[in-house]
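Some notes on the structure that comes next.
Any read-out appearing in this document is the output of simple, stated calculations on the displayed coordinates, not a laboratory observation. Since the structure is predicted, the reported quantities are computational estimates derived from the model, not experimental observations. No Cβ is skipped: glycine too gets one built from the backbone with ideal geometry, and neighbour counts run over all protein chains shown.
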Amino acid sequence: MVATSPFAILLEYDRLCRANAPGLPVGEVVEDDWVGIGFKLNGNPLVAKMADVVEILPPPETIKVPGVRSWVKGLANVRGTLLPILDMGAYLNGTFIPPGKEKRVLIINKQNVMAGLLVEEVFGMRRFKPELKNEASPSGMAEIDPYLGGEFTDAQFTWRIFDVEKLVTHDKFLRVV
């Protein structure tokens, strides 16, 4: 019987494992799914990038701000942060979103613009394969077309991509007074 040290035994195990280990799998590059939040606005199913939506809330109480556009519902205190809450129905076509328990506010924070967007309903998270994205086709609603950035289609809807960056850089959106 040959006496070997525990360290020598571990070195032998290491050598045997490395000699018999299969190589790393070689596969194709997997592209991540496009993930967004589905919501309804003026009856249209839309989806915004998940990274653009910070939080989803029921509509908070707001304080009116004098001298602003009619689509600015007011300011709300959301966990210590004062946010403007904007009625997106009124912003797009002048039709205010009526109160209801399915209404939600999408909190966005893009290019140092933080705001709450009041929408009709939120459908939750949606996943799409990036290769299934179609380039923007006109929605038939001229007021929403400047904010679209393509579309995905699934068994339920054609989800038009609502581009939050296009919204927060649009002159109309930035001029609330």
State whether the residues of the range 110-128 include one that is of a type in the set (V, I, T), closer than 20 Å to L174 by Cα, in contact with a strand residue (DSSP E or B) (Cβ under 8 Å, 6 or more places away or on another chain) and assigned to a strand (DSSP E or B). yes
Taking the stated definitions as given, is E151 charged (D, E, K, R), more than 22 Å from V54 (Cβ to Cβ), surrounded by 14 or more Cβ atoms within 10 Å (Cβ to Cβ) and in contact with a strand residue (DSSP E or B) (Cβ under 8 Å, 6 or more places away or on another chain)? yes
L82: in contact (Cβ under 8 Å) with a residue 60 or more places away in the chain, in a strand (DSSP E or B) and under 19 Å from V54 (Cβ atoms), yes or no? no
Is at least one residue of the range 58-67 more than 25 Å from V177 (Cα to Cα) and in contact (Cβ under 8 Å) with a residue 40 or more places away in the chain? yes
Verdict on G116 being surrounded by 19 or more Cβ atoms within 10 Å (Cβ to Cβ), closer than 17 Å to P58 by Cβ and small (G, A, S): yes
Residues in the range 164-172: is at least one of a type outside the set (A, V, I, L, M, F, W, C), in a loop (DSSP other than H, G, I, E, B) and within 18 Å of the chain's Cα centre (by Cα)? yes
